[in-house]
1. Counting only residues that are of a type outside the set (Ser, Thr, Tyr) and farther than 30 Å from Phe499 by Cβ, which one in segment 198-217 is surrounded by the most Cβ atoms within 10 Å (Cβ to Cβ)?
2. Would you check which residues across segment 293-313 are more than 19 Å from Tyr326 (Cα to Cα) and assigned to a loop (DSSP other than H, G, I, E, B) and list them?
3. Just to be sure before I move on: is Asn641 within 28 Å of the chain's Cα centre (by Cα) and over 30 Å from Leu379 (Cα atoms) in the structure I sent?
4. Can Ile580 be described as within 22 Å of Cys646 (Cα to Cα) and assigned to a strand (DSSP E or B)?
5. Can Ala189 be described as surrounded by fewer than 19 Cβ atoms within 10 Å (Cβ to Cβ) and more than 30 Å from Trp101 (Cβ to Cβ)?
6. Which residue pairs have Cβ atoms under 7 Å apart, sit 6 or more places apart or on different chains, and have a first residue in segment 318-329 that is assigned by TED's automatic domain parsing to the domain that holds Ile394 and free of Cβ contacts under 8 Å to residues at least 24 places away in the same chain and a second that is small (Gly, Ala, Ser) and assigned to a loop (DSSP other than H, G, I, E, B)?
7. Please enumerate the residues belonging to segment 362-385 that are surrounded by fewer than 18 Cβ atoms within 10 Å (Cβ to Cβ), part of a helix (DSSP H, G or I) and under 26 Å from the mean Cα position of the chain (by Cα).
8. For segment 590-602, state whether one or more residues are among the polar types (S, T, N, Q) and without any contact (Cβ under 8 Å) to a residue 24 or more places away in the chain.
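The values are calculated or read from the model by the stated rules, or taken from the named source; none is laboratory data. Computed from a predicted structure; not experimentally measured. Heads up, the Cβs are rebuilt from the backbone with ideal geometry, glycines too, and the neighbour counts pull from every protein chain shown.
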Amino acid sequence: YYNEITRYKVSNSSFVMCKLPRQISAFKNITHLLISSSMVNNLPRKAYLIECSIPNFKNKMNTYDTIWHQNSVQLHDDTLFVPNILDNNDEMPQTTIENYWSYGTSGKGMCGSVLVTDLNVSCPIIGIHVAGKVSGTKGYSELITREILEKLLDSVGAQNIICKDVEIEGQMFGSTYIKIDSDLSKCTAALEGHGNFLGVVPKKYAYSPPTKSKCIHSMCYNEITESTYDVPHLSPKDKRFEGSPMVKGCLHHLNPVKNFPEKILHLAVKDVSELVLAKVVPLRQKIGQLTVQESVCGIPSIPGYDAMEFDTSEGFPFSSVRPKGYSDKKWLFDMEVTDTGYKLNGINDMVIDVMNMKDKQRLCNIVPMTIFIDCLKDLKLPKEKCDKTRIFSISPVDFTIQFRQMFYDFTIAFQNTMFEVESAVGINVDGYEWHEMVQKLMENSPHFVCGDYSKFGPRLMTSCVLAAFDIIQEWYRYYGDTNYDNEKRRIIMGREIAFAKHLMFNLVYEVLSGAPSGCPITTILNNFVNMLYLRCAYIHIMTTSVMLTRNLTNYQANALMSVSSFRKYVCAIFYGDDLIMTVHPSIVKIFNAHNLSGFFQKYDIKFTDALKSGDISKSTAVFDVETSFLKRTIRRHDFRNCFVACMDKRAIEETCNWVFIGHQEPEASILACGCMLLNAHGWGEKYYEGLRTRVIEFWRKHNEVPSIPRWSEVDERIYGY
């Protein structure tokens, strides 16, 4: 990030003000810890120079120790000359300091050490070590006061920054303060990577993940179809694999990608913003902050404004006090079902208290302590992939409610727009919407480009995530929500996601990339980032290629190099981290899957073919097996004039082999067989009926008659007569 840092030199001072790029997470505001100018002349002579020892790199979380040097300090108001070291240029003049402390301690590497007074006050910092004699007998700290720093911050426009502080020390929960203990030696398991390790929660609030899968064999396991799947790696005691699956999964949260050049990203953001503002239209007459009733129960009169999901976890810290007999968040809500939907009578006081506290913090420009619990996904996997841990990070219920209040208008409007905004979020793959999507792609070109990202969500480029929230913020302003408090809420919530705090066992850590998979806007956020990734790639690839081509006129070259030509030559559809597109024949030799993979590799983003074979083709045809989207390929309907989606046969035939523990048999296994057949429709009548016959014959031996429709009945239900 060094080249993206803006530096401001301060006259007659050794201090340098640095404006960090947005992708650096917010940190604690310590201005209140600086001594006030009015107190300086009356400070005692006794003070301590606090030196940080070199980090112990054997410790994965790189903690450090401090050494306190007691000194007798003297305040000076004459001129101190400090050799220039910032510019590494001997010709530059020395820095002069007009107010400084002197004392009897110095040494190599001590610059930046903090000088604190011995006086028992809440603002003990009085200076920062800037120079000293080589002999170690004399050291100097420049005087720094609260007023000096605030003046410097104002001079560089810091008063315009909304995010003023971040909560990293704990969270109020009812009458209890959940303190984050900074002693990392107490953590259950350590992590390594690029992130901020904040500390550990008390044992009561730690998360203990299940170590046994809830996926079990169905009654027809290996009878109707051969099983090639198994349960995932959930326990370090699993003899099939080594190590902690939780730690292996969470490591991806701490492995950020490299950033695109700011100039390229800026062009991409503008292009996506123009598309969204033009195409995504609100469904309500007046958008803004939803009521808590509307956020929790939805708005039944408007299609798409559905209620929250209540059969999922309540998140941190509410799951730690869940009453016995409950397995989800329903216990927090007092609701009744009416003719028009849910009616909310009340929410548990603990949730209300946390919501009120966090809302006050956001309005005061403080990022709250919102913690997402890291859980292991318990879903069957192909046997060769069972060691590939997948993490799901659960959103706390208070954040889900308040996020829906502030973002639900946009979420529903975006989903409603679909293909017009390059999105397949909300698509019905078993119907005409799939055909409409394929038709739209083929109208642009017969050259398909598909691909697959590795660890897309946990490693989202932070600058792209923040840009996505900027676009959403602009959308709200454009369509009428100009309330400044709402804008502050959305900005802070965006940072709660972009720099999410996670709980792994008892360890709280802050990420510098990605977005929690359980946040309320995950899929749409991934869509935005995918749109930006592809446009940045387009700008770079086309610009580089056009500059090497000499037989183009200036008009032709400028047209191809502009991001505004993207939609002219490329028709792309995104669903989270998945994408499918067609590229115009005139540029497919330049802008193709092979060159995309090469571009992304420069930024440590792995992009390969949809089959993950590692053999990436420049482009494919519509019916090629490599042309895959949402784990489905494309084929023509048996007799209707439309395209249909075909799920991978291996995944289809595995469906009947597994059920979740606790479900009644044989109903659960029969239901699994029914789901298998529904997924098989796209392959046509012959395949479907062959599979159905095997299902019927198996259950006949058990004196059961499954209610599974024939292919023609399913087909007529989807497409009509």
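1. First, the residues of segment 198-217 that are of a type outside the set (Ser, Thr, Tyr): 198-204, 206, 209-210, 212, 214-217.
Within this subset, residues satisfying the condition of being farther than 30 Å from Phe499 by Cβ are 212, 214-217.
Values: Lys212: 12, Lys214: 14, Cys215: 19, Ile216: 15, His217: 13.
The residue in question is Cys215.
2. Gly298, Ile299, Pro300, Ser301, Ile302, Pro303, Gly304, Tyr305, Asp306, Ala307
3. Numbers: within 28 Å of the chain's Cα centre (by Cα): no; over 30 Å from Leu379 (Cα atoms): yes.
So Asn641 does not fit the description; no.
4. On the way: within 22 Å of Cys646 (Cα to Cα): yes; assigned to a strand (DSSP E or B): yes.
For Ile580, the condition - within 22 Å of Cys646 (Cα to Cα) and assigned to a strand (DSSP E or B) - is met.
5. Values: surrounded by fewer than 19 Cβ atoms within 10 Å (Cβ to Cβ): yes; more than 30 Å from Trp101 (Cβ to Cβ): yes.
Considered against the rule, which asks whether it is surrounded by fewer than 19 Cβ atoms within 10 Å (Cβ to Cβ) and more than 30 Å from Trp101 (Cβ to Cβ), Ala189 comes out as yes.
6. Partner pairs satisfying both residue conditions: Asp328/Ser313.
7. Kept after step one, since they are surrounded by fewer than 18 Cβ atoms within 10 Å (Cβ to Cβ), are these residues of segment 362-385: 363-365, 377-379, 382-385.
Those left that are additionally part of a helix (DSSP H, G or I): 363, 383-385.
Hits for segment 362-385 are Leu363, Lys385.
8. Kept after step one, since they are among the polar types (S, T, N, Q), are these residues of segment 590-602: 592, 595, 597, 601.
Okay, now just the ones that are also without any contact (Cβ under 8 Å) to a residue 24 or more places away in the chain, so 601.
Looking through segment 590-602, at least one residue is among the polar types (S, T, N, Q) and without any contact (Cβ under 8 Å) to a residue 24 or more places away in the chain.
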